[in-house]
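A short write-up of the structure that comes next.
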Amino acid sequence: MQVNKDMTIADIIHADRGIADILMASGMHCLGCVMAHGEDLGQACAVHDIDADELVAQINEYLAAKDA
């Protein structure tokens, strides 16, 4: 699986709950809020002043390591 910034936060977390730890560590502490279900990762990163491309790369590295 590959994550991209057009995916909703809810879909990303449902794909692998371990990603929640990565999002929390990056400063995204609102994973349970209503916006997480409709907001895509790119939008959430913009709101939280987080580099979306860097976060996507970090998440995909995590997923690749799990699949290895």
Any residue at all in the stretch 46-54 that is part of a helix (DSSP H, G or I), surrounded by fewer than 17 Cβ atoms within 10 Å (Cβ to Cβ) and within 11 Å of the chain's Cα centre (by Cα)?
yes
Looking at Met35 and the list (1) within 16 Å of Asp6 (Cβ to Cβ); (2) at pLDDT 85 or above, which single condition is not satisfied?
(2)
Which one is surrounded by the most Cβ atoms within 10 Å (Cβ to Cβ), of the residues in the stretch 8-27 that are in a loop (DSSP other than H, G, I, E, B) and out of contact with any helix residue (DSSP H, G or I) (no Cβ under 6 Å at 6 or more places or on another chain)?
Asp16
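The values are calculated or read from the model by the stated rules, or taken from the named source; none is laboratory data. What you see is a predicted model, and the numbers here were worked out from it, not measured in a lab. Cβ atoms come from the backbone with ideal geometry, glycine included; neighbour counts cover every protein chain shown.
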